[in-house]
Amino acid sequence: MKKKGKLLKLAILSVIVIGTVMVVSKQRNVPFQDNRGFVFGTMYQITYQSDKDYQKDIEAELKKVDNSLSPFNPKSVISKVNRNENVEVDDMFAEVFNLAEKISSETDGAFDITVAPMVNAWGFGFKSGKMPTRKQLDSLRNIVGFHKVAMEGRRVMKKNPATMLDCSAIAKGFGCDVVAKFLQSHGVKNYMVNIGGEIVTCGVNMERVPWKIGVTKPVDDSLSVSEENQTVLNVTDKAMATSGNYRNFYYKNGKKYAHTIDPKTGCPVQHNILSATVLADNCATADAYATSFMVMGLDKAKKVLDKHPELMAYFIYSDNQGKNAVWFSPSMKGKYLK
């Protein structure tokens, strides 16, 4: 009887092993799709393991994001809000608005979706290249500030009707999250979503190893020619976003002006962070905090990270000697950063 029992257990174990091998073998034979295109004013690349090509469906999901959050789409929800139309916002807008307000509060206003008029005044929005006067910036401070807008039910309430919303610093990350959720809902377990450098990964890549994402070395490169990496991160089941001043800037009268504007002063930031990379559970959060840290500077950013252990960051900054230096969250070493 004991011998029969052992044989039965061995037979069951053999079936399980054979079944597992067959499942793994079948999964390995499933191809990886590589979808590329243009969205939100930038390029996207979405790589995922699936027998089906979902590019049309993915672009339909991204169109929903555009219809909700693009200030360049006159029919979008955010455009109607900016024109002070009597509009009820959709679920996407409400989700992004509430997250933006939360991060604005936690960063003491370093992240602010009402800052666009100040950005435009410096010429980065419409590429005018004209430097604003102090008087112009002071007048804009009357309409800029996350506390000047609020959500009541499904409507955005403004203290000043001239206040404008622009979710550019969070929308790409949110778009990555939307695509990731779509892929997950269709049973896709291995994927990388990349929209303009904001990234969400899950599972493994085509070589069956964690996705490896490079962090570009910050050198003055307004033409985006340089692709040299500072480091490479192992990013699996995480979202990653990077913000930097090394590609969006211009010189006037011998002085360099970065594209990151401090909502409180109305001026380009002048601190030592060159590039801020943030890892989080979702890309909208990573996107917003990466922008926030560029505004806050190294010391204030570290204090925020102390309060949010769920976030990880990799900063490239200019030290006291003007040389590039690196600081990263201790929890990244060994797991994400080798």
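Tabulated values for the structure
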read-out	value
Test set (1) modelled with pLDDT of 95 or more; (2) among the hydrophobic types (A, V, I, L, M, F, W, C); (3) touching a helix residue (DSSP H, G or I) at 6+ places or on another chain (Cβ under 6 Å) - L140 fails condition number	(1)
Verdict on T291 being farther than 17 Å from P330 by Cβ, in a loop (DSSP other than H, G, I, E, B) and of a type in the set (V, I, T)	no
Restricting the range 156-196 to residues that are of a type in the set (D, E, K, R) and surrounded by 22 or more Cβ atoms within 10 Å (Cβ to Cβ), the residue that is farthest from G37 (Cα to Cα)	D166
Tally of residues being modelled with pLDDT under 95, within 18 Å of T260 (Cβ to Cβ) and of a type in the set (D, E, K, R) across the range 109-134	1
Among (1) farther than 30 Å from N86 by Cβ; (2) outside any loop (DSSP other than H, G, I, E, B); (3) touching a helix residue (DSSP H, G or I) at 6+ places or on another chain (Cβ under 8 Å) - the single one V178 does not satisfy	(1)
Test: N205 is polar (S, T, N, Q), modelled with pLDDT of 95 or more and under 21 Å from S275 (Cα atoms)	no
Hits in the range 299-338 (condition: outside any loop (DSSP other than H, G, I, E, B), among the hydroxyl-bearing types (S, T, Y) and either at pLDDT below 85 or under 19 Å from P218 (Cβ atoms) (or both))	Y314, Y317, S318
The range 86-105 - residue that is under 18 Å from I143 (Cβ atoms) and not hydrophobic (A, V, I, L, M, F, W, C) and, of those, surrounded by the fewest Cβ atoms within 10 Å (Cβ to Cβ)	E101
Selected residue [in contact (Cβ under 8 Å) with a residue 40 or more places away in the chain and surrounded by 14 or more Cβ atoms within 10 Å (Cβ to Cβ)] from I143, I199	I199
The lone exception for G197 - which of (1) modelled with pLDDT under 95; (2) more than 11 Å from the chain's Cα centre (by Cα) it fails	(2)
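The values are calculated or read from the model by the stated rules, or taken from the named source; none is laboratory data. Quantities reported herein were computed from a predicted structural model and do not represent experimental measurements. With ideal geometry, Cβ positions are generated from the backbone for all residues, glycine too; neighbour counts draw on all protein chains shown.
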